[in-house]
Amino acid sequence: MCMSTKKDLFVLIPKVDDLLNDEKIKDLLEKVPRIMIVEAIRESIEEIRIKIVQLDNQQVKSFKIDYEALIEKIIRIIKQKNRMNLSKVINTTGVVLHTNLGRALLSESIKEEIWNVANSYSTLEFDVDSGKRGSRYAHVEEIITKLTGAESALVVNNNAAAVLLVLDTLAKNREVIVSRGQLVEIGGSFRVPDVMQQSGAKLVEVGTTNKTHISDYERAITEDTAALLKVHTSNYKILGFTQEVSLKDLVEIGREHNIPVIEDIGSGTFIDFSKFGLYKEPTVQESVAMKADIVTFSGDKLLGGPQAGIIIGKKEYIEKMKKNPYTRAFRVDKLTLAALEATLRLYLDEESALEKIPTLRMLTISLEEIEKKANALYALLKENIKHCTIEKIKGFSQVGGGSMPLEKIPTMLISIKPENLSINKFEQMLRDYNPPIIARISEERILMDVRTIKENEFEIIVAGIDKLLKK
């Protein structure tokens, strides 16, 4: 029905109560809070009002309110509002430890352990044997020391907190010597000097950006020196005319002057990735074997567990840290502890860890297996998707998460180029899909790296692309 004035069009806008009584909307009332449905209806009605206000006289005559389209729009808004803000995405970027997408994936095999703790009362701070209060850190300390060979261990909420706690405990208002080439930015504009300043430690820089010698440390030591700090530059590399003091040499300096040596290795790993043709990263066990007094590292990077900062080392130092007020501020919750303990237990059998921990699996999977995955996804796409140029091409994956920045891992990519849709619009549609499909754009085509795609996500991707292109 056509109307001659805007006033006539406003009269035709359905009322909130009428829309609430629509059968499709009433079905949602059983699953979604009423307030959310009313909010979606009002938003949709307001959009129509704004659209009518903006019409010119000619447009008024032809404007119609499509009731069915309005209902479908309201339903879409309701579903969007009812979706968790923190939700699953499909990562086709080939970046294994994608910081923006949540970094390490937890092992499927540990979900029962996590849910049992989440859905029940637990032994978080209760000692069953004594019937008295226990320590939440005891649940992971034993397994960490067993795997690393360290005397003691402590877990906090991330590695920046770990470094802050260590320095505040061992070096507050005293000097800590660190190579200028190791004053890295951790991420999100947080930098090692900032963390040191917050801890109360006094930063003493030695050497130059590209070269630091043993003599630089020895000349800088004074009566006020509380520790020697070595920071593994896991998120960047300086190449060419370079030199740094090894942990072994730094430990010898520390022993000679009775000064503790702290090593922050960042992306801590229990696996020697060089065995799989990847860049050699220092393992946690190697740092302990070299007699570092304290070692800190992340739980959610190469370790493949939840976000956590792990501190290991001499018991006398760890015990002091446990009494530091920062420990309570930085403490981890029961879900993190459950996920961390369950992940660490997988490392008791290295083969099991490589198979079951997604990060390790994705980084060490053979190119032959990658090609099989690519062939499977390619075949599904070719069979089901029309009006697209679909190809298999060679490419490279990245580790991500500030780990192994120079590593380019050979992989296979699926290239997709729609015939009648701009590549930027297509990429946006993929992001807007449920679940969002996150991909790369290169040379006017979408690239999907099968390394970071689970095989049970293939059909979701194919169905999603088919649905989006049919729109």
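The values are calculated or read from the model by the stated rules, or taken from the named source; none is laboratory data. What you see is a predicted model, and the numbers here were worked out from it, not measured in a lab. Don't worry about glycine lacking a Cβ; one is built from the backbone with ideal geometry, like all the others, and counts go over all protein chains shown. Ligands, DNA and RNA are excluded from the accessible area calculation, which covers all protein heavy atoms including side chains. Shrake-Rupley method; radii C 1.70, N 1.55, O 1.52, S 1.80 Å.
What the table below lists for this structure:
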| item | result |
| --- | --- |
| Only listed residue being modelled with pLDDT of 95 or more and of a type in the set (Asp, Glu), chosen from GLU151, GLU125 | GLU151 |
| ASP224 vs. criteria open to solvent by less than 70 Å² (accessible area, probe 1.4 Å), out of contact with any Ser or Thr (no Cβ under 7 Å at 6 or more places or on another chain), over 25 Å from THR283 (Cβ atoms) and modelled with pLDDT under 90 | no |
| Meets criteria (out of contact with any strand residue (DSSP E or B) (no Cβ under 6 Å at 6 or more places or on another chain) and buried (at least 19 other Cβ atoms within 10 Å of the Cβ)) for SER120 | no |
| From the options SER274, SER287, residue that is assigned to a helix (DSSP H, G or I) and within 19 Å of GLY402 (Cα to Cα) | SER274 |
| Some residue of the stretch 370-388 being in contact with a Lys or Arg (Cβ under 8 Å, 6 or more places away or on another chain), surrounded by 13 or more Cβ atoms within 10 Å (Cβ to Cβ), more than 30 Å from GLY309 (Cβ to Cβ) and aromatic (Phe, Trp, Tyr) | yes |
| Qualifying residue in the stretch 416-426 (condition: assigned to a strand (DSSP E or B) and open to solvent by less than 80 Å² (accessible area, probe 1.4 Å)) | yes |
| Filtered residues of the stretch 123-144 (kept if within 30 Å of LYS291 (Cα to Cα) and open to solvent by 50 Å² or more (accessible area, probe 1.4 Å)) | SER135, ALA138, HIS139, GLU142 |
| Residue among LEU105, LEU147 that alone is part of a helix (DSSP H, G or I), hydrophobic (A, V, I, L, M, F, W, C) and either open to solvent by 50 Å² or more (accessible area, probe 1.4 Å) or within 25 Å of VAL284 (Cα to Cα) (or both) | LEU147 |
| Contacts under 6 angstrom Cβ, first residue in the stretch 71-98 being more than 17 Å from GLU455 (Cα to Cα) and in a loop (DSSP other than H, G, I, E, B), partner open to solvent by less than 60 Å² (accessible area, probe 1.4 Å) and not hydroxyl-bearing (Ser, Thr, Tyr), 6 or more apart | HIS98/ASN91; HIS98/GLY400 |
| GLY305 vs. criteria touching a Leu at 6+ places or on another chain (Cβ under 8 Å), open to solvent by less than 10 Å² (accessible area, probe 1.4 Å) and over 26 Å from VAL178 (Cα atoms) | yes |
| Hits in the stretch 334-368 - residues which are open to solvent by 70 Å² or more (accessible area, probe 1.4 Å) and either under 25 Å from LYS280 (Cα atoms) or not in a helix (DSSP H, G or I) (or both) | ARG345, LEU348, ASP349, GLU350, GLU351, GLU355, LYS356, ARG361, LEU367, GLU368 |
| Matching entry among ILE318, ILE262, ILE271 (being touching a residue at least 24 places away in the same chain (Cβ under 8 Å), under 16 Å from VAL231 (Cβ atoms), open to solvent by less than 20 Å² (accessible area, probe 1.4 Å) and touching a Leu at 6+ places or on another chain (Cβ under 8 Å)) | ILE262 |
| Residue satisfying all of: in the stretch 427-444; in a strand (DSSP E or B) and either of a type in the set (Asp, Glu) or open to solvent by 10 Å² or more (accessible area, probe 1.4 Å) (or both); farthest from SER87 (Cα to Cα) among these | ILE441 |
| Filter result for LEU447 (at pLDDT below 95, aliphatic (A, V, I, L, M), farther than 24 Å from GLN80 by Cα and surrounded by fewer than 21 Cβ atoms within 10 Å (Cβ to Cβ)) | no |
